[in-house]
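Before any comments, here is the structure.
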Amino acid sequence: MLPDMAAVTHTSAGHAAPAVPLTARAPAHLPEWLPGVFAARLCAGVILATGRICGETDRTVHLFPIPATRVMPENLTAFCGQRIRSGEADLITVGTGMPCVPCVLQAPDPPNTLT
């Protein structure tokens, strides 16, 4: 039996890992991609604003600022302007999936650790 691809992500080593629903985490416990930034992508099968069903080409990894609230807000806006509802996305680990280029360009720069 094949795994449900909406419920599986792949690690950088190519091994399947269960996807983590965004609603399952409080903002304070999100894994950070950069300080104050986390990564998520739309779940397969979500209905897009255009009315299409989200397919693999729509599932780029977006970067979001970590909310300052204690619970995950219902709506989130990525650095590129993409809006998602928290129940329509999965958390993604660093190095997994195709990044959204506008998000990468607009996300804050990592702190300079070279001194």
Checklist outcome for this item: Within segment 83-115, the residues that are in a strand (DSSP E or B) and under 11 Å from the mean Cα position of the chain (by Cα) are Ile84, Ala89, Asp90, Leu91, Pro99
Checklist outcome for this item: Subset of segment 20-47, residues at pLDDT 90 or above and not aliphatic (A, V, I, L, M), comes to Arg41, Cys43, Gly45
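Restricting to segment 77-86, what's the tally of residues that are at pLDDT 85 or above and touching a helix residue (DSSP H, G or I) at 6+ places or on another chain (Cβ under 6 Å)? If you could, list the steps in order and put the result at the bottom.
Keep residues of segment 77-86 that are at pLDDT 85 or above, which gives 77-85.
Imposing the further condition that a residue be touching a helix residue (DSSP H, G or I) at 6+ places or on another chain (Cβ under 6 Å) reduces the set to 78-80.
Within segment 77-86, residues that are at pLDDT 85 or above and touching a helix residue (DSSP H, G or I) at 6+ places or on another chain (Cβ under 6 Å) number 3.
The values are calculated or read from the model by the stated rules, or taken from the named source; none is laboratory data. Remember, it's a predicted structure, so these values are computed and weren't measured experimentally. We place every Cβ from the backbone using ideal geometry, glycine too, and count neighbours over all the protein chains shown.
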